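The values are calculated or read from the model by the stated rules, or taken from the named source; none is laboratory data. All values reported here derive from a predicted model rather than from experimental measurement. Every residue, glycine as well, gets a Cβ built from its backbone with ideal geometry; the counts of neighbours run over all protein chains shown.
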Amino acid sequence: MNEDRYRAKLGDYVDGSMSGSEQQSLEAHLETCQSCRAMAADLLEIKSTAGSLERVTPPGDVWKRIADSIRAETGAPQASPWQSGLAKNAWSHRWALAATAIILIGTLAIMNQLDFFPSEPPEGSVEWVAAELRAADEHYQNAIQALEKIVAKDQSTLDPEVMAVLRENLMVIEDAIGESRTAARQQPESMVAGDSLLTALRRKLSLLQNTVLLINEVRKGQGENALDLIDEMRDSESPDPS
Amino acid sequence: MLAPMQDVREGSGVPRGPSSVSSTTHQARAEEATLVARCRSGDMEAFEAIYRRHSSAMYNLAFRMVGNLTEAEDLLQEIFLQAYNKLPSYEGRAAFGTWLYRLAVNRCLDHLRSGAAHRQSVTKSLDESAGFSPSAAPESTSARLDLENAIVQLPHSYRSAFLLYDVQGFGHREVADILGVAEGTSKSLVHKARLKLRELLGKSPREKSGE
C-alpha cells in the first residue's frame, strides 16, 4: 500500500474501526514513516481534545422566553396551535381519526366483500381504550389480510425490482407495528403507544392499497399512472423532512 | 504516541451518543413518544421536559457551530420554537433526538449561510460566560481553546460532522442520519475536518519541527 493509501486509512485508524490485520499493516507502516506517524498522533490528539471540550450551560431564562412565545402564538396558556377548533379531548380526536380510517377500510371491504362499521368514540376508562384499540387493530388486520391475498395472487404482474422495494418497505412498517403493539400491551393507558400502533397500521394499509392500485394500473396498461404511483409510494416512505 | 481508542459506537447495539439522543431502547423511545404526544395536546409541561432533556446538547451544538454565545442563545430559542411548531410533522420514524438534532443543525447552517453570524473569538465568549470553568491544567485548557477557535473556522459541512461525531459523540450512522448523507460521507467529512483542524492548529508538516 503506498503512502497516500495509508494516509487515507488514518481516519479509520483514529476511530478504532479497522480490522486487526489492517491495523497491524498500518502500524507497521507508522513505525517506518515519520510524517504519517506525526499525522496520526495529531489526529488522535484532536479527537481526544474534541471529546473533552468544556460544556456551556444555557442561560436560565431561555425556557421562559420560549414558553412566552408559544403562549403568545397560541393565545392561550396551554392551547396547541394545530388543535384550535378540534375536539378538546385528545383521545376523541384520535379516535375520530381511527373512525375515518375504519370508514376507508369499509370502502376496501366493499371491494373484497367484507363488512365493517365505524365505531363511535365514547369517552371511557383505560379498559375501554384498550378494548377500542384492539377492535381497531382487528379491523385493520382484516383489511390488511384481504389486501395481502390480492397482492400475493397478482404480484407477478409487477416488476420484481418494484416488488422487492415494496417488500422492504413492508418489513420496515411491520417492525414498527410489532414494537408499537408490544408497547400498547405493556402500557394500555398510553395514548402514544396506541397512536403509534394505529399510525403504523395505517401506513401498512396505505402501502397495500397502493400496491393493489399499482397492479390494476399495470394490468390496464397505464404505464404513466403506474410510474406516478411508484413515485408517490417511494416519497411516502422516505425519511422525515427537516 | 496516543493509541487509537477502540470504537464501541458502531455495531455494538449500544449507542454511545449522548443519552438524550441516541438511545434505541423501546422504553426510552416510548417515554419520549409519550412526551411528544402530550406536547401535541398542548401540554407545556411535557414540552418543558423535552426542553430540559435536550437544551444543553442543542446549546452546545449551536455555540460551536456559530462561535458566539449570544447567537447560540437566540438559536436555542429558535430551535425549540421551530420544534414545537413542527411537532405535527414528526411521525416517529427517526428517534426524536435525531429529528431534533437534524432541525438544530439545519437552523444553525441557515444562520451561518444568511451571513448573520458574528464570529468572535470563542475564547472571549467562553471567558464571558458564567458557564465556563477552566481546567486545572493550563496546557490542556490552552489546547481546548485553540481547538475551539479552529472549529469555527472549518467549512460548515466539516464543522457539523466533526461536532456531531468527535464532540457530541455520535456514531457515523447517526451523524449520517442527522445530516441526511451516506455513512461514508460522514466518515469523509469528519476525516477532512480533522485534517483541516490540524492545518489550522499549525501542526501540518512545514510548521512542525523535529518530531
When residues of the range B:23-76 are limited to those that are closer than 30 Å to B:F162 by Cβ and not in a helix (DSSP H, G or I), the one farthest from the chain's Cα centre (by Cα): B:T25
Any hit, the range B:83-94, residues being within 13 Å of A:P58 (Cα to Cα), at the interface with chain A (Cβ under 8 Å from one of its Cβ atoms) and out of contact with any Leu (no Cβ under 8 Å at 6 or more places or on another chain): no
Residue satisfying all of: in the range A:32-64; assigned to a helix (DSSP H, G or I), within 13 Å of A:E3 (Cα to Cα) and not aliphatic (A, V, I, L, M); farthest from the other protein chains (Cβ to nearest Cβ) among these: A:T32
Candidate set: the range B:37-56, residues that are crowded, with 21+ Cβ neighbours inside 10 Å and more than 7 Å from every other protein chain (Cβ to nearest Cβ); chosen: the one farthest from B:R113 (Cα to Cα): B:C39
Selection status of A:A176, modelled with pLDDT of 80 or more, of a type in the set (G, A, S) and farther than 14 Å from A:I150 by Cα: yes
Selection from the range B:96-148 of residues that are buried (at least 21 other Cβ atoms within 10 Å of the Cβ), at pLDDT below 80 and closer than 24 Å to B:L195 by Cβ: B:V122
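Here's the yes/no breakdown for (1) closer than 18 Å to B:A57 by Cβ; (2) more than 9 Å from chain A (Cβ to nearest Cβ); (3) touching a Gly at 6+ places or on another chain (Cβ under 7 Å); (4) in a helix (DSSP H, G or I):
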{"site": "B:R144", "(1), (2), (3), (4)": "no, no, no, yes"}
{"site": "B:L147", "(1), (2), (3), (4)": "no, no, no, yes"}
{"site": "B:A161", "(1), (2), (3), (4)": "yes, yes, no, yes"}
{"site": "B:D166", "(1), (2), (3), (4)": "yes, no, yes, yes"}
{"site": "B:F170", "(1), (2), (3), (4)": "yes, yes, yes, no"}
{"site": "B:E174", "(1), (2), (3), (4)": "yes, yes, yes, yes"}
{"site": "B:D177", "(1), (2), (3), (4)": "yes, no, no, yes"}
{"site": "B:K187", "(1), (2), (3), (4)": "no, no, yes, yes"}
Residue tally, condition surrounded by 21 or more Cβ atoms within 10 Å (Cβ to Cβ), closer than 22 Å to A:G60 by Cβ and more than 9 Å from chain A (Cβ to nearest Cβ), over the range B:66-82: 5
Neighbours by Cβ (under 6 Å, 6+ apart or cross-chain): first from the range B:36-52, of a type outside the set (D, E, K, R); second crowded, with 21+ Cβ neighbours inside 10 Å and assigned to a loop (DSSP other than H, G, I, E, B): B:G42/A:S80
